[in-house]
Amino acid sequence: MASSIRIKNISELPIISGSRNDIRKKISCITIGHREAEEQFSSDIHLDAFIILLVLSGKGHTVINYKTYDIQADTLLLLSSAHLFHFYECSDDFQCQCLFVSKAFTDEMDSTDMIYRRTKYGVRLYNQPVVPLAHPYAVLLAERLASINKNIDRTEHFYHKEVILNRLFAFYLDLSDILERTNLPPYGRLPDSIRKYYQIIHRTIGNALS
């Protein structure tokens with residue numbers, strides 16, 4: 001029932017909550033398999049985060065805002081806290097890289113340009129958040145995600161957060177480039193609250209960059 005659904009912090013996910021690295025409770029990049037998909041994402045969930053899901057192998061189905069999508073290797077999912085989602089009927093060989101960037105992390109670290117690049121395509125992809133990728137693009141993004149994951153664990157680095165941000169920014173640059181080269185869906189109708197949010201963000205960014 002909808003009344004039982006609430007927005008969760010990524011730190012509440014069992015695959016993240018047990019980490020001894022506190023920054024993983026704000027930004028985390030992990031690979032899940034069939035078992036984790038069934039155990040932790042088989043029921044509708046809202047996360048207070050920007051979420052990238054890249055399917056590495058296998059196939060399955062996802063329901064995003066009550067719309068069903070088939071997913072397979074080289075499928076990219078771009079989600080935000082405005083999306084309600086879950087997986088079902090994932091194959092035994094299903095594997096998926098997951099990037100969770102919490103609002104707490106973006107509030108601390110986001111640059112104006114990074115917000116611009118994320119919201120630029122966020123408006124179009126709100127209504128069509130599933131993007132099939134050419135295999136070379138999927139390989140590139142998988143490498144970028146692996147680099148983010150590696151650097152999240154470099155806790156001894158004097159500039160730990162800045163290193164993570166650098167790798168995250170490189171990921172967003174490649175993602176933006178790929179989406180520019182991919183046929184993006186046309187603008188659809190957004191809920192008023194989401195539409196107004198993006199309008200405010202774009203006005204703020206436009207003023208900052210002018």
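Each reported figure results from applying straightforward, stated rules to the coordinates on display, with no laboratory input. Nothing here was measured: the structure is a model prediction, and the numbers come from that model. Heads up, the Cβs are rebuilt from the backbone with ideal geometry, glycines too, and the neighbour counts pull from every protein chain shown.
Between residue 150 and residue 70, the modelled label-to-label distance comes to 3.6 nm, taking each label 7 Å out from Cα in the direction of the beta carbon. Loop-resident GluC sites (Glu not before Pro) (DSSP state other than H, G, I, E or B) in the stretch 127-172 with no more than 10 further Cβ atoms inside 10 Å of their Cβ: 156.
Loop-located chymotrypsin sites (Phe, Trp or Tyr not before Pro) across the stretch 17-94 with a Cβ neighbour count of 10 or fewer within 10 Å are 66, with loop assigned by DSSP.
Quick check for you: which residues of the stretch 17-56 have the amide N under 18 Å from the point 7 Å beyond the Cα of residue 104 toward its beta carbon? Residues 17-30, 46-51 fall inside that zone. Among the trypsin sites (Lys or Arg not before Pro) found in the stretch 1-95, those both in a DSSP coil and sparsely packed, with 15 or fewer other Cβ atoms within 10 Å of their Cβ, are 6, 20.
Between residue 88 and residue 35, the FRET efficiency from the beta-carbon distance, with R0 = 22 Å, is close to 0.95.
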